Every structure is written in C-alpha cells, then in structure tokens.
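Asker: Sharing a structure below in structure tokens format, with a few things to ask.
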Amino acid sequence: MLNTQGRPTRAGEAQSAASTATFTGNRGLDIEEAPLFEIGRADATGVDIDEPKPFVSRLGALERRAPIGLAGLTEPEAMRHYVRLSQKNYAIDAGIYPLGSCTMKHNPRLNEKMARLSGFADIHPFQPFSTVQGALELIETLANALLVMTGMSAIAMSPKAGAHGELCGMMAIKAAIEARGEEKTRKVVLVPDSAHGTNPATAATLGFSVRAVPANDQGVVPASAVRAALSPDVAAIMLTNPNTCGLFETDIVGVAAAVREAGAYFYCDGANFNAIVGKTKPGELGVDAMHINLHKTFSTPHGGGGPGAGPVVLSERLAPFAPVPCVVRHGDGLVLREHEEGGRSFGRLTAFHGQMGMFVRALAFILSHGADGLKQASEDAVLSANYIRACLNDLMSSPFGDRPCMHEALFDDRWLKETGISTLDFAKAMIDEGFHPPTVYFPLVVHGAMLIEPTESESKASLDLFIMTLRDLAMKALRGERDSFLAAPSLAPRRRLDETRAARQPILKWTKPAPA
Ligand SMILES: Cc1ncc(COP(=O)(O)O)c(C=O)c1O
C-alpha cells in the first residue's frame with residue numbers, strides 16, 4: 001500500500017488484513033492518507049523565501065545546530081492532505097447524527113451568512129465601545145430572548161460551553177452561600193446518579209463533595225429522595241431536565257421546593273433545553289441557575305470541542321452574584337461592564353464577552369424561527385424521538401417501559417442478552433450502514449444504553465430509513481448473525497480500534513517509522 005507520494009503507509013499496513021486489494025490501498029475515491037510527517041519531505045515547501053541577509057544571532061547556545069526535519073509539502077499537496085482528512089469526517093451536513101444528549105441539529109446556512117458579516121466577524125474585543133454598538137446590541141438582544149424563554153432574572157453570556165456554564169452557575173451559588181456566611185457549613189452538592197459527568201466534576205472543582213441521589217424505577221428523581229438526601233450541609237442540587245434518560249423530571253417543582261426550604265440552591269443542567277423551549281420555563285419550575293448550550297438548542301455548530309457558548313440564566317436571588325464582563329446600558333449606548341464596582345458579583349469569568357460568532361448564529365436561529373417556530377421545533381424534536389421509540393419498541397428493550405419520552409429515545413441491552421452481541425457491536429454495525437451511531441453506554445445507570453436523539457432536523461423519510469436500518473440490524477442480531485457484528489465496521493476507512501489497548505497504552509507521540 002502506497003501513500004500519495006508513492007511510499008508505503010503505516011496506516012495502510014494497519015489496514016492490510018481487511019483491505020481491498022488495490023495497488024494504492026485506496027478504495028475508489030476514498031484515498032488512504034498517511035500522517036503529515038510521513039508524507040512530507042524536509043526539502044519541500046509551498047513558498048519561496050529568500051535567504052536572510054547575514055546577521056548576528058543572539059540565540060547563543062540556544063541556536064539550532066542541525067535541521068530539525070520538519071515535514072514539508074508543496075501547496076497542492078498540503079491542500080490535498082487536509083481536504084482528504086476533512087472528507088473522512090462525519091458531520092450533520094453529511095447525514096443524521098443521532099448522538100443523544102448532544103442535540104446535533106442542522107445548522108442553517110442563514111446563520112452562517114449572518115456570522116460572516118464583517119461588522120460581526122471582523123471586530124476586535126479591544127475596539128472602542130462606540131465602534132461596536134451593533135455587536136453589543138446583538139448580545140443584549142440575545143440575552144433578553146434567552147431570559148424570556150427561560151423566565152429567569154439575569155444572565156451571564158460569557159461562558160464558552162455547557163461545562164463552563166456549570167462552573168459559572170455554581171460559582172454564583174458559591175458566592176451566594178459565602179454572602180450568607182455559610183461557606184464552612186454548606187459543602188455538599190446533590191447529584192442524581194444519572195447525571196452527565198460534568199456535573200459532579202464541576203461541583204468537585206469548586207471544592208464541594210458530591211452526594212448521589214437515586215432515581216426511581218420510572219427514571220426520575222422523586223422529591224422524597226431529594227428530601228432524604230437534604231441536610232444543613234447541602235449547598236445545591238444539580239439536576240438535569242429533561243434528564244439524561246430523555247424523561248421530563250415529573251417531580252421537579254417538588255424538588256425545587258424541597259431544596260429551597262432546606263436553604264440550598266437548584267442548579268438545572270439545561271443541556272436538553274431543546275425539548276422544552278416554548279413549552280415550559282425553568283424559572284417557573286423553581287430553578288436558580290441553568291446553562292443553555294447555544295451549540296445544542298440554538299443550532300450553533302459544535303463538535304471536536306468547540307467553539308461553543310453556554311450562557312447561564314440566574315434567578316432573582318442569584319442575580320447579584322452574576323459575573324463580569326456583561327453588557328450594560330450607559331447613557332444612550334451600550335458598554336461592557338468589566339469590573340465588579342462594589343457589587344456582589346463573583347468576579348471575572350472570562351477575558352471578553354463570549355463567543356461572538358455563536359451569538360450571531362443563535363440569534364439568527366431564534367429570530368428566523370420566532371416564538372411559534374421555536375415551540376414547533378421542540379415539539380418536532382420530541383415527536384421524532386417518540387416515533388423512533390415506538391417503531392423499535394417491539395424489537396429493542398426500553399429501560400422504563402413503553403412510556404413516551406422527550407427528545408431522546410433510550411434503549412438498553414436486555415434484548416441483546418441471548419445474542420452474544422453488545423451495544424458497541426450494534427453501534428459499529430450502524431457505521432457500515434452509513435449511520436453515525438447514537439450515544440452508547442450513557443447514561444451509566446442504564447445497562448448497555450443506546451441514547452438516540454434525532455432532533456427536529458430530520459424529515460419523516462430520513463427517520464424512516466434510519467428506523468428501517470435499525471430494524472434490519474436488530475433482526476439480524478436476533479437471528480444470531482453474530483459474526484458480521486463482531487467484524488463491524490468493515491466498510492469504514494478504519495476497522496475497530498482496540499479500545500482497551502488505546503486506553504491502557506495510549507501512543508501520544510509520533511515516532512519516525514523505520515525505513516521501508
Ligand atoms: C447533560 C449534559 N450536561 C452537560 C454537558 C456539557 O456541555 P458542553 O459539552 O457544552 O461542555 C453535556 C454535553 O454533552 C450534556 O449532555
């Protein structure tokens with residue numbers, strides 16, 4: 001197997017067993033691509049730079065004595081390398097991306113067009129306020145829209161992701177507890193055992209210890225369980241609604257009342273807000289702080305770790321502790337309030353105001369949908385998930401029975417028990433059928449979980465193809481066709497990784513391959 005420069009590839013070698021026997025190792029127009037360091041040559045470059053004029057180096061002993069052998073490519077080679085790699089990516093623009101808890105929805109092109117307007121794309125955080133009034137007004141308009149949708153009192157726009165929003169909201173709670181002089185006594189945060197890992201991690205980062213609260217056999221946290229876990233040392237509860245099992249927390253008002261009576265605060269993880277926009281307001285449910293992942297509910301692009309945006313809405317009692325910087329009115333215009341100025345804010349959270357490009361996209365999404373459109377989007381997301389659930393329920397098992405879900409359909413692996421096939425095998429087989437697998441093995445409280453979130457983006461035809469494919473795979477599994485599942489994926493650019501080895505012996509550094 002040769003690389004694009006006609007040399008053997010290491011990736012190609014790894015591929016060999018299952019490879020199609022082409023001379024190049026390519027499969028049709030799916031071109032094998034080796035790492036840059038292997039295809040590059042130290043003597044190749046995409047630019048001509050004149051030799052520098054003689055000069056006296058001031059590097060002393062630090063001066064390089066030998067070439068370091070960085071891989072070089074010509075401009076067309078560099079272009080092709082990165083384009084080929086990008087073509088191996090899976091994306092929402094390529095097909096359904098049913099990753100539960102991630103809300104991978106279509107990113108409308110209108111949003112992209114707006115974000116590229118030079119008045120938004122080309123501004124700099126250090127520009128004088130008088131030159132960025134439009135941008136500040138956009139942030140304020142988005143902030144107000146989020147406050148209306150959530151029914152909350154204040155908002156911090158600067159957090160850069162959901163997890164960062166959790167940190168922000170919990171810092172506001174910590175500041176409120178300190179203001180009450182209870183920081184030495186209230187050291188515990190209640191977290192349901194179905195929570196996303198970032199919840200306990202956030203609490204622990206801020207020095208709280210975590211106390212687990214069990215859900216009941218219906219998959220929700222009853223107020224009685226919260227009451228049993230509450231004590232004078234509890235600072236807050238972090239509860240996700242709709243929860244990570246795709247269910248609305250039916251006792252949420254009772255939970256909020258119990259937490260408040262105990263002198264604690266209610267942090268709501270709003271990652272799943274997409275299911276309830278326009279239907280209910282967290283502020284009316286008794287929530288004190290909640291992050292909103294703009295990159296989920298409001299369709300700003302995400303993946304690969306960013307950029308995201310996780311504004312945090314706060315209740316009246318937490319509003320005074322909101323962080324700076326924030327946009328405020330000053331005279332006839334808007335400015336960024338950069339400093340605490342004698343108030344009770346917990347302080348500065350980030351250098352600047354947040355992710356401008358994400359704000360533009362989210363506001364474009366909100367304004368182009370309108371209040372009725374946003375509500376419709378939530379209803380469609382819930383309808384799509386229930387359609388999938390209802391169409392697969394006779395073959396696959398659901399942990400909480402045949403009850404309706406919110407925006408995610410959750411299955412467990414009881415139905416696979418006699419087949420010798422695991423949830424992972426099933427997910428890998430989906431790749432051969434051209435589908436990105438759903439989230440698997442999360443939430444941890446459900447054995448062999450498969451969490452499918454179709455979002456409102458999919459047409460009925462798209463959902464039907466997805467459902468028919470899963471039904472076909474499920475019937476193969478139940479017929480005992482185990483081998484094809486264990487071998488999957490066999491049609492993807494790479495076979496299955498040895499995940500145990502990758503976790504136990506990770507290779508984090510490239511080493512030069514031995515000459516062929
Ligand atoms: C329930 C839940 N909480 C928190 C987060 C963290 O959000 P982010 O990835 O934006 O940091 C996620 C992300 O998937 C989530 O699903």
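Asker: Taking ASP122 as meeting all but one of (1) away from the ligand (no atom under 15 Å from the Cβ); (2) touching a residue at least 40 places away in the same chain (Cβ under 8 Å); (3) charged (D, E, K, R), write down the number of the exception.
Answerer: It is condition (2) that ASP122 fails.
Asker: Right, something else. If you go through the range 270-299 one residue at a time, how many are more than 25 Å from ARG403 (Cβ to Cβ), within 14 Å of the ligand (Cβ to nearest atom), in a loop (DSSP other than H, G, I, E, B) and of a type outside the set (S, T, N, Q)?
Answerer: Qualifying residue count, the range 270-299: 2.
Asker: While we're here: So, in the range 49-89, exactly how many residues are in contact (Cβ under 8 Å) with a residue 12 or more places away in the chain, open to solvent by less than 100 Å² (accessible area, probe 1.4 Å) and not hydroxyl-bearing (Ser, Thr, Tyr)?
Answerer: 10
Asker: Follow-up question, since we're still on this one. Considering each residue of the range 150-185, count those that are away from the ligand (no atom under 16 Å from the Cβ), crowded, with 24+ Cβ neighbours inside 10 Å and assigned to a loop (DSSP other than H, G, I, E, B), and give that number.
Answerer: 1
Asker: Which is within 12 Å of the ligand (Cβ to nearest atom), in a loop (DSSP other than H, G, I, E, B) and surrounded by fewer than 24 Cβ atoms within 10 Å (Cβ to Cβ), of PRO307, PRO232?
Answerer: Only one candidate qualifies: PRO307.
Asker: Which ones in the range 186-201 are open to solvent by 10 Å² or more (accessible area, probe 1.4 Å), assigned to a helix (DSSP H, G or I) and closer than 17 Å to VAL234 by Cα?
Answerer: If the condition is that a residue be open to solvent by 10 Å² or more (accessible area, probe 1.4 Å), assigned to a helix (DSSP H, G or I) and closer than 17 Å to VAL234 by Cα, then PRO200, ALA201 are the ones that fit.
Asker: So in the range 29-43, with the set limited to residues that are more than 32 Å from the chain's Cα centre (by Cα) and modelled with pLDDT of 90 or more, which one is surrounded by the fewest Cβ atoms within 10 Å (Cβ to Cβ)?
Answerer: Here the residue is ARG41.
Asker: Let me ask something else. Yes or no: GLU13 at pLDDT below 80, within 34 Å of the chain's Cα centre (by Cα) and open to solvent by 100 Å² or more (accessible area, probe 1.4 Å)?
Answerer: yes
Asker: Still on this structure: With (1) in a loop (DSSP other than H, G, I, E, B); (2) among the hydroxyl-bearing types (Ser, Thr, Tyr); (3) within 12 Å of the ligand (Cβ to nearest atom) as the list, and TYR267 as the residue in question, which single condition is left unmet?
Answerer: It is condition (1) that TYR267 fails.
Asker: Here's something else I'd like to know. Looking only at the range 310-328, how many residues end up being more than 29 Å from ILE252 (Cα to Cα) and assigned to a strand (DSSP E or B)?
Answerer: So the count comes out to 4.
Asker: Restricting attention to the range 276-304, which residues are over 21 Å from ALA94 (Cα atoms), small (Gly, Ala, Ser) and open to solvent by less than 10 Å² (accessible area, probe 1.4 Å)?
Answerer: ALA289
Asker: Among the listed residues VAL335, VAL324, VAL313, identify the single one that is within 16 Å of the ligand (Cβ to nearest atom) and either crowded, with 16+ Cβ neighbours inside 10 Å or at positive phi (or both).
Answerer: Going through VAL335, VAL324, VAL313 in turn, the sole match is VAL313.
Asker: Tell me which residues, restricted to the range 115-149, are surrounded by 13 or more Cβ atoms within 10 Å (Cβ to Cβ) and of a type in the set (Asp, Glu).
Answerer: Across the range 115-149, the qualifying residues are GLU137, GLU140.
Asker: A further question on this structure: Name the helices (runs of 4 or more DSSP H) wholly inside the range 399-498 in which the number of residues that are within 30 Å of PHE365 (Cα to Cα) and in contact (Cβ under 8 Å) with a residue 40 or more places away in the chain is 2 or more.
Answerer: Ranges flagged: 460-479.
Asker: Among what's in the range 423-479 and is open to solvent by 30 Å² or more (accessible area, probe 1.4 Å) and within 16 Å of CYS245 (Cα to Cα), pick the residue that is farthest from the chain's Cα centre (by Cα).
Answerer: Among those that are open to solvent by 30 Å² or more (accessible area, probe 1.4 Å) and within 16 Å of CYS245 (Cα to Cα), it is HIS447.
Asker: Could you identify the single residue in GLY254, GLY246 that is among the small types (Gly, Ala, Ser) and either touching an Asp or Glu at 6+ places or on another chain (Cβ under 9 Å) or under 28 Å from SER299 (Cα atoms) (or both)?
Answerer: Residue meeting the stated conditions: GLY246.
Asker: I need a count of the residues in the range 188-215 that are in contact with a Ser or Thr (Cβ under 6 Å, 6 or more places away or on another chain) and more than 10 Å from the ligand (Cβ to nearest atom).
Answerer: Count: 2.
Asker: Would you mind finding the one in ARG227, ARG211, ARG260 that is touching a Leu at 6+ places or on another chain (Cβ under 6 Å) and free of Cβ contacts under 8 Å to residues at least 40 places away in the same chain?
Answerer: ARG211
Asker: Let me ask another. Name every residue in the range 480-499 that is among the small types (Gly, Ala, Ser) and surrounded by fewer than 12 Cβ atoms within 10 Å (Cβ to Cβ), in order of residue number.
Answerer: Within the range 480-499, just GLY480 meets the criteria.
Asker: I'd like to know if the range 125-139 contains one or more residues that are under 21 Å from GLU316 (Cα atoms), modelled with pLDDT of 95 or more and within 16 Å of the ligand (Cβ to nearest atom).
Answerer: No, the range 125-139 has no match at all.
The values are calculated or read from the model by the stated rules, or taken from the named source; none is laboratory data. As the structure is a prediction and not an experimental result, all values here were calculated from the model. Backbone-built Cβ (ideal geometry, glycine too); neighbour counts: all protein chains shown. All accessible areas refer to the heavy atoms of the entire protein, side chains included, with ligands and DNA or RNA removed. Shrake-Rupley method; radii C 1.70, N 1.55, O 1.52, S 1.80 Å.
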